[in-house]
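Written out below as structure tokens is the structure these notes cover.
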Number of protein chains: 2
Amino acid sequence: MLRLLRHARRHSTSSSSSAAAAAVPLTSPAFAVFGANTGVGKTLVSAGLVASLLASPSPSPSTVAYLKPLQTGFPDDSDARFVFDRAPALLRRLRLAGGGASTRLVASNHTLFPSPAVDPLPERQDTVVNYGGEEGVEEKALVCRTVYAWREPVSPHLAAEREGMPVEDEEVRWLVDRWLAEEDGGGEVWKVLETAGGVASPGPSGTLQCDLYRSSRLPAVLVGDGRLGGISSTLSAYETLLLRGYDVGSVILEDRGLSNDRFLLSYLRKRVPVHVLPPIPEDPKDDLTDWFSESSSAFSSLKDSLQSFHSRRVQRLNSMQRKSKYLLWWPFTQHDLVPVDSVTVIDSRFGENFSAYKVKDKTIVPQFDACASWWTQGPDSNLQIELARDMGYAAARYGHVMFPENVHEPALRCAELLLGGVGKDNGSTAIEIALKMAFRKYACDHGIIVDSEKDIRSEGSVHFKVLALNGSYHGDTLGAMEAQAPSAYTSFLQQPWYSGRGLFLDPPTVDTSSAANVYVSYISHQLSQYAMSNNSEHIAALIIEPVIQGAGGMHLIDPLFQRLLVKECKNRKIPVIFDESASELLGCFPDISCYAKLMTGGIVPLAATLATEPIFEAFRSDSKLTALLHGHSYTAHPMGCTAAVKAIQWYKDPSTNSNIDLDRMKLKELWDSALVNHLSSLPNVKRVVSLGTLCAIELKAEGSDAGYASLYASSLIRQLREEDNIYARPLGNVIYLMCGPCTTQDICTRQLAKLRPRYVSFFYTYCVCYG
Amino acid sequence: MLRLLRHARRHSTSSSSSAAAAAVPLTSPAFAVFGANTGVGKTLVSAGLVASLLASPSPSPSTVAYLKPLQTGFPDDSDARFVFDRAPALLRRLRLAGGGASTRLVASNHTLFPSPAVDPLPERQDTVVNYGGEEGVEEKALVCRTVYAWREPVSPHLAAEREGMPVEDEEVRWLVDRWLAEEDGGGEVWKVLETAGGVASPGPSGTLQCDLYRSSRLPAVLVGDGRLGGISSTLSAYETLLLRGYDVGSVILEDRGLSNDRFLLSYLRKRVPVHVLPPIPEDPKDDLTDWFSESSSAFSSLKDSLQSFHSRRVQRLNSMQRKSKYLLWWPFTQHDLVPVDSVTVIDSRFGENFSAYKVKDKTIVPQFDACASWWTQGPDSNLQIELARDMGYAAARYGHVMFPENVHEPALRCAELLLGGVGKDNGSTAIEIALKMAFRKYACDHGIIVDSEKDIRSEGSVHFKVLALNGSYHGDTLGAMEAQAPSAYTSFLQQPWYSGRGLFLDPPTVDTSSAANVYVSYISHQLSQYAMSNNSEHIAALIIEPVIQGAGGMHLIDPLFQRLLVKECKNRKIPVIFDESASELLGCFPDISCYAKLMTGGIVPLAATLATEPIFEAFRSDSKLTALLHGHSYTAHPMGCTAAVKAIQWYKDPSTNSNIDLDRMKLKELWDSALVNHLSSLPNVKRVVSLGTLCAIELKAEGSDAGYASLYASSLIRQLREEDNIYARPLGNVIYLMCGPCTTQDICTRQLAKLRPRYVSFFYTYCVCYG
């Protein structure tokens, strides 16, 4: 183990910020002991809990593993040694009191990486203790371990600096993950990890304890503070843990005669069980034997409530697939094609990774979210926590605030930022609004409406159509659907009211790109012909997804074609709508643009429709009837605007987003070009599109294997999910990987590299089965 | 002052939980000093800041008011006395160092409500001190005050209990509000409020400090902790303040040689300025004179950064109206009819009240949100904070999680709760989905679709229509609009694609209610006639807003009519959609129901469409093409589901919602019936509707005064906003008050009572001007 770990240390040090979290088995209960402050008795609680676990009657854990990842003041202070020393003695007293079969305890204590300043170097400690009579010997093990130890009794970030032993977060996480994955013999194992200092005390790199251990999201035992002011520090620490997405299994604190426990019991009622310990003797010469005896019922009830917390958690997770099939109706999903055991149970998310619970293995597995949760996954793990804090703040400050004739800071700030330019995306509501805006503008420009009180529709003389491209997709509400060409989404079956109110042009994809004059004459011919043959019908808006058509199959449209299309429409005074703005790629600007999805970092829904001043002017008058009568109770809601402000700034700032190319102030290429080339040359691959956060692979397919309803790629998808920890979804015969704007090139490369061997074997399998 | 306050104490004690917050002037900077823990030096910081303020060169504050609302250990400990004693001495030293004109300081210290156990009773202290030479005498005042004082040096909640002087939160808030509103002479005033204990220490009623003072949301000075573990407690305290919606103006902490300040400076960079104080002498005999001298530059920089924080805040608030007119496009609003100075600047919200900034008075005024922010305002001030904590947790745990084929705890829990029955509301996206569901079911039941691959639309032989009521409103996306009868919202001007695909019946309102057989024959006749005269057109869904038609003008529909309509449709196998479910009021159940708005407590958008099993069955097959291909990236997003779970439980639980009638387990009548009757008998009132959280008043109006575009009620609305602190919006000639499901009857009555005199005077004015 040690050699493996030393190797790991070097390995993970060199591979920088690769947040490749490992699986967390739920076969063993595991908890992290956090403190409301330093000096509140975390180690006493750990020792008491460990002893209580070892002493509990069968079925009790056969092994208890205790880990102290970060220790300072070493070797004078060693929490692991304290647990190793005291737990056996406590166990003896508990066994004496409780009876039961005779027990043989094998205990060890071990320090992996002492700093160069540590003197003397600690030796591994081993002991075997026998309790009780002869018959029915029960074997138990206690494995105590310290990972990093520094000499000075200061915060790890200072000790690491002063003693020349820096440690990166990924090292700590890697080692904790390995420890969690370790299996010790056959019986039940419990794991107890003791953090350093308070919940928000810095680790060696400066990362706070609560952030350092977030990836495994162990349920917390919070050791509260019984002193004056301790209610405040306990509740604040509790809130800090919640703001990192932890579940707190129990609170336990010393009784210092101030009734802090009584207050906390009442305040935390229905949320967290609170346990009380007798006053800890202040005399340093007291060996605490009596105190531990007095505390045994508190530790026993702590143990019981943690056991019950763990059982309920696993039980609930085990039941979720079945319940979901019974209670939920998923969009875009034929339920009969989803076997109950293929439902993904998502326990949490940390940056780019889902934590998916595998029922079969009772294990939580990190899966790279390769769909970027439908274009909404923006945050890395740091931004996620920032957003959490901002969401708490915005909810507490604003709750909900309606928008018309009002202004609040997040809405204003968000508008300022958006009008300063941003990156991405659509939202069907934004599209519906954009169309209404465009039509009004067209009507004004072309003298179609004179009298705002008269409804010209009844005369049947004017019809508005939209100019759009085949294969485009703008959302699922009726207005947004009318603006797209017929497809599986628009059939009578799906939307009986769909009629397709557009002139839909065939866009050239980049593979077939040709000269500009061919494009211009095609566009011009189509528009003129339409105008000639449809007297009462006006093309009153152009709507396009710039460059990439997503839901239509990840097609890359020739930007030159779109640029010329926009130019032609502007000449004809047809308002131009961009569904997601990529103005810089097209080199031209829309009259109206729609944003959603990624804009809030994917944390809450918010759509924005931006318009130029001339569009706005078309709605102005002295009558409310000409105003834009389209809204939503949640228009510009403060939570969404707050999230958008944080996310937009984060994406654009090179100090938070390392993917920003400082010279050109745009996103670096994220997908390794050698790997992309290699994939595109594989025999069954038709094309590979890699642009920005997207890498899409279209498989060669014909007949029923092609198109939206195809199941062609589903076995590959299953393999990616089950074996490579990549959560991907097929889009017919297209497979895509999508990452967030802050996802490192390193992570992208790692996912793409996993794809290569899969493709080779998939094609082989496929040929065997079908061909 | 004292007498007034004593009276106030009695008054506010008797009026229970009436959260009638007062105005907070921003003409004076005011800050609340919070502690990361007890014993971190809040009072030293207060005294140093006060002295630094008094000493600062002109334009400096002429008065500094210091308030200690809650003091325990009194009179041995008295933070106000400490400030009163030490600030003048500090000021002398600072003046000696800084020079400037001669100064005359008038200082006082005063305790309002000592507990019966306090002995001896404190006397008011007054002093006058002169500094510097003869010429140019500057007058300065220092007013120190303690409000409640208990003898025992324990937490206020214990002291209050033990000494028999309980104090309710509303008393404390009322007194703080009065103190904030006090004007002292002409010059600039600064106000410093010192809290008790740590940020989350309980006040006398048990309410935490951060919650107790939330209504005035004073910007915070957070006194951090320089001791071991102090980084953690400082950051946790900071997060607790953020989770209550506070802005933290500055952090200041003692240097204890652990470089906590260096870490915090780096961590809080770009967020909050951090100031460092020299180590505080531990010798209790040290009078701190030297320490204060050494600290003067830290206090001066604290003062400067608070000054700058305040100026930036006011500047930004002053600019928001102007910017909003330039940058924002409000829905349902004719911008030209909104004068820039009538834009409401919303600084925050606390339960039912907006905190609106009045540019003219530089004051933040609480306004009752009588629109319930368009049916979305659910939380009282407690639920708001609960939701904030949950939002932080859900964001940190989940971020965004896509939905299809996945399950996560909030989505599952939310589905479980919704299927167990809930209260309210629509959402146009939910409606679009509901229509698609209903049409498919209709098609199946009536044998219209046989082959899922064939699109029968092209043959032009089948058209689906919806059965709906005139005056109904289901949202602004095209599909939702098609299901409503023509109105101002559907004109060619607003939505050129609208055609109105429905058979729209005239619903009888309760005033015209008549016998059941008249209804039945009307409904049956309409449906039969439609079927006869439209061969290819099918009524394939019924959609109704149960009981109340909102946007259509707050009409109360006869429940008997709707019940019979539903029955008739069920007989004809026409699927029934309820836009917001009020099944218990109608006494019948829909096939599909739509929820949104209030469901999440108004904190984030989320819509849910619930369907019965037979509806779901109509989409099942072995082809993806028959699945429901309508979705949204944010379908069942964890933030929304988490909020919904908390809000739904909160509304339904009598222990959190005092409006639940325990006997009947439904909402009590919230609007005082005598007041409602009185209003309805006023000469210009046509009708008053009061049901659940809504009380709507229709004014008698004719011609252009009636209907959606009417400006008839706008002067009344202006008066309500400006003078009565009621934020209402007109709906044509209808004025309505809406509250949240947890708003107390007391608050409702108070708002309604304000309305009565307004109506009388409004009608008078109106008659003079127009009649």
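All conditions but one from (1) closer than 17 Å to B:Tyr634 by Cβ; (2) touching a Pro at 6+ places or on another chain (Cβ under 6 Å) apply to A:Tyr595; the one that does not is (2).
Would you check if B:Ala87 is closer than 18 Å to B:Val167 by Cβ and either of a type in the set (Gly, Ala, Ser) or assigned to a loop (DSSP other than H, G, I, E, B) (or both)? So B:Ala87 fails the test. Would you confirm, using the coordinates I've provided, whether B:Ala65 is of a type in the set (A, V, I, L, M, F, W, C), under 30 Å from B:Ser236 (Cα atoms), modelled with pLDDT under 60 and not in a helix (DSSP H, G or I)? When the stated conditions are applied, B:Ala65 does not pass them. Residues in the range B:196-213: is at least one at the interface with chain A (Cβ under 9 Å from one of its Cβ atoms), without any contact (Cβ under 8 Å) to a residue 40 or more places away in the chain, part of a helix (DSSP H, G or I) and buried (at least 24 other Cβ atoms within 10 Å of the Cβ)? No, there is no match, as no residue in the range B:196-213 is at the interface with chain A (Cβ under 9 Å from one of its Cβ atoms), without any contact (Cβ under 8 Å) to a residue 40 or more places away in the chain, part of a helix (DSSP H, G or I) and buried (at least 24 other Cβ atoms within 10 Å of the Cβ).
In this structure, is A:Ser373 in contact (Cβ under 8 Å) with a residue 40 or more places away in the chain, surrounded by fewer than 21 Cβ atoms within 10 Å (Cβ to Cβ), within 17 Å of B:Phe403 (Cα to Cα) and of a type in the set (S, T, N, Q)? For A:Ser373, the condition - in contact (Cβ under 8 Å) with a residue 40 or more places away in the chain, surrounded by fewer than 21 Cβ atoms within 10 Å (Cβ to Cβ), within 17 Å of B:Phe403 (Cα to Cα) and of a type in the set (S, T, N, Q) - is not met. Scanning the range A:281-303 turns up no residue that is surrounded by fewer than 24 Cβ atoms within 10 Å (Cβ to Cβ) and within 26 Å of the chain's Cα centre (by Cα). Is it true that B:Gly732 is under 22 Å from B:Thr333 (Cβ atoms), surrounded by 21 or more Cβ atoms within 10 Å (Cβ to Cβ) and modelled with pLDDT under 85? So B:Gly732 fits the description; yes.
Going through (1) more than 29 Å from B:Ala696 (Cα to Cα); (2) in a helix (DSSP H, G or I); (3) more than 8 Å from chain A (Cβ to nearest Cβ) one by one, B:Ile574 falls short only on (2). All conditions in (1) more than 27 Å from B:Glu352 (Cα to Cα); (2) modelled with pLDDT of 75 or more; (3) not small (Gly, Ala, Ser) hold for B:Arg440, with the sole exception of (2). The range A:290-398 holds strands (runs of 3 or more DSSP E) entirely within its bounds, and those carrying 3 or more residues that are at the interface with chain B (Cβ under 10 Å from one of its Cβ atoms) and modelled with pLDDT of 85 or more map to A:344-350, A:353-358.
Total residues in the range B:633-663 satisfying the condition of being more than 7 Å from every other protein chain (Cβ to nearest Cβ), in contact (Cβ under 8 Å) with a residue 60 or more places away in the chain and in a loop (DSSP other than H, G, I, E, B): the figure is 5. Does the range A:412-419 contain at least one residue that is surrounded by fewer than 24 Cβ atoms within 10 Å (Cβ to Cβ), more than 7 Å from every other protein chain (Cβ to nearest Cβ) and modelled with pLDDT under 80? Yes, the range A:412-419 has at least one match. Of all residues assigned to the range B:31-44, at least one qualifies as being buried (at least 24 other Cβ atoms within 10 Å of the Cβ), assigned to a helix (DSSP H, G or I) and not aromatic (Phe, Trp, Tyr). Among the candidates B:Lys362, B:Lys325, B:Lys358, the residue that is touching a Ser or Thr at 6+ places or on another chain (Cβ under 8 Å) and either farther than 26 Å from A:Leu241 by Cα or basic (Lys, Arg) (or both) is uniquely B:Lys362. Tallying residues that are at pLDDT 95 or above and assigned to a loop (DSSP other than H, G, I, E, B) within the range A:228-242 yields 0. Scanning the range B:243-266 for residues that are part of a helix (DSSP H, G or I) and more than 7 Å from every other protein chain (Cβ to nearest Cβ) turns up B:Asn260, B:Asp261, B:Arg262, B:Leu264, B:Leu265, B:Ser266.
Selection of first residues in the range B:611-622 that are among the aromatic types (Phe, Trp, Tyr) and of second residues that are in a loop (DSSP other than H, G, I, E, B) and modelled with pLDDT of 85 or more, restricted to Cβ pairs under 9 Å at least 6 apart or on distinct chains, gives the following pairs, ordered by first then second residue: B:Phe616/A:Trp329; B:Phe619/A:Trp329.
With respect to the conditions (1) more than 8 Å from chain B (Cβ to nearest Cβ); (2) surrounded by 21 or more Cβ atoms within 10 Å (Cβ to Cβ); (3) not aromatic (Phe, Trp, Tyr), A:Thr240 lacks only one, and its number is (1). Scanning the range B:116-150 for residues that are touching an Asp or Glu at 6+ places or on another chain (Cβ under 9 Å) and either surrounded by fewer than 21 Cβ atoms within 10 Å (Cβ to Cβ) or not assigned by TED's automatic domain parsing to the domain that holds B:Thr63 (or both) returns B:Pro116, B:Ala117, B:Val118, B:Gln125, B:Gly132, B:Ala141. The condition (being surrounded by fewer than 17 Cβ atoms within 10 Å (Cβ to Cβ) and more than 8 Å from chain A (Cβ to nearest Cβ)) is satisfied by just one residue among B:Ser680, B:Ser621: B:Ser680. Taking residues in the range A:162-174 that are under 10 Å from A:Leu212 (Cα atoms), and partners anywhere that are modelled with pLDDT of 95 or more and in a helix (DSSP H, G or I), the pairs with Cβ atoms closer than 7 Å and at least 6 places apart or on different chains are A:Asp169/A:Leu212; A:Val172/A:Leu212.
The values are calculated or read from the model by the stated rules, or taken from the named source; none is laboratory data. All of these numbers come straight from a predicted model, not from anything done at the bench. A quick note on method: Cβ atoms are made from the backbone with ideal geometry, for glycine too, and the neighbour counts reach across all protein chains shown.
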